[in-house]
Structure formats: C-alpha cells, structure tokens
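Here the structure comes first, spelled out in structure tokens, and everything after it is commentary.
The values are calculated or read from the model by the stated rules, or taken from the named source; none is laboratory data. What you are looking at is a predicted structure, and each value in this text was computed from that prediction instead of being measured. Positions of Cβ are generated from backbone atoms using ideal geometry, with glycine treated the same way; all protein chains shown enter the neighbour counts. SASA here: full protein model, heavy atoms, side chains in, ligands and nucleic acids out. Shrake-Rupley method; radii C 1.70, N 1.55, O 1.52, S 1.80 Å.
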Amino acid sequence: MKTLSVVAGIVALLSSAPAFASSVSMTFQNVGTATMVPNGVNTCGVFAPTPANILAGATSPTSSTNCGTTSAAHVTYNIGTKQCVFHISTIYTPANPLTGASAYWTPNASTTASGSATCKVVSQDISQIFTNGNFAAVFSMK
C-alpha cells in the first residue's frame, strides 16, 4: 500500500507542471541625452524584436521571449562609457501535493549599473503572473 501511495504522489508531482509557457517582455526608455546602444543580449530563447539603438528621449518596441516554465533575459545597453544591464525573469514552482503548497510564479526585474549610469525598473506588469506567468517590465537608462 505504501508503494501505491508513493507512486500516486510521484504521478501527481509530474502532472502538476503547467500546460502553458510564460513570456517575459522588456521595454526600454532612453531618458538620457545621447543614443543608447545595445551591447549584448542573453536570453533563454529567441528575443524579438532584437534590441536596437534608442535615440535620446525615445522608447523601444517591446521585446519578448518565451521559454516555458522558466523564462529570462538580460540585455546590456551603453551610452558612451555608461552601462546598464537589465534583467527579467519568471520562474514556475509547481504545486507540492505532499505538503499542500500551491503552484506559483516568481517574477523578477532588476538592473545593474556601471560607469555612473542611472538604470531603473520604471514599472512592472504582473497582471498575468497568476494565470499564465507572463511578466513585463519597463526599464530606463540615463
């Protein structure tokens, strides 16, 4: 009987994975006085559209990637010697039928600045995080 309970628990754990995939989306605002130039993109999948130069005072199109239950992107922009690395991710933790813990998504948006850059997370959209894990953020650089 214990074997049957263990097998049932394993089946429940494996079947708790979602049947959907989450996307992360990034939009960039140039609040500086010179052009932002992309200097690297690291993502878990295809990131489209590819980040391009952003003129002073302008905002980029929204770029997204979707890699299933763990989606992440890191985009580096430079303005001269100033540099911002923008990070975004959403990670799914499945329900645990053994402890009764519910499934949940963990969104994260952050920045890393160097060269006297001012890098910010301007806003975060978690409106879909509880349904499908989609997560979006707007970032700025100066």
Fill in: Stretchable slack from residue 130 to residue 48, in nm (0.36 nm times residue separation minus alpha-carbon distance)
27.1 nm
Worksheet item: In whole Å, how far is the Cα centre of the range 86-130 from that of the range 46-68?
Response: 18 Å
Item to complete: Using a 1.4 angstrom probe on heavy atoms only, work out the carbon and sulfur share of the accessible area of the range 12-117 in %.
Response: 57 percent
Worksheet item: Arranged from highest to lowest average of other beta-carbon atoms within 10 Å per residue, in what order do the peptides 130-142, 47-59 appear?
Response: 130-142, 47-59
Discussion item. Using only the alpha-carbon atoms of the chain as identical scatterers, what base-10 log of I(q)/I(0) does the Debye formula give at q = 0.09, 0.11, 0.13, 0.16 Å⁻¹?
Written reply: -0.35, -0.47, -0.60, -0.79
Discussion item. Could you report the chain's accessible area per residue, 1.4 Å probe, as an integer in Å²?
Written reply: 54 Å²
Practice prompt. Sort the following peptides by mean Cβ neighbour count (other Cβ atoms within 10 Å, averaged over residues), highest first: 72-80, 109-117, 92-100.
Written response: 72-80, 109-117, 92-100
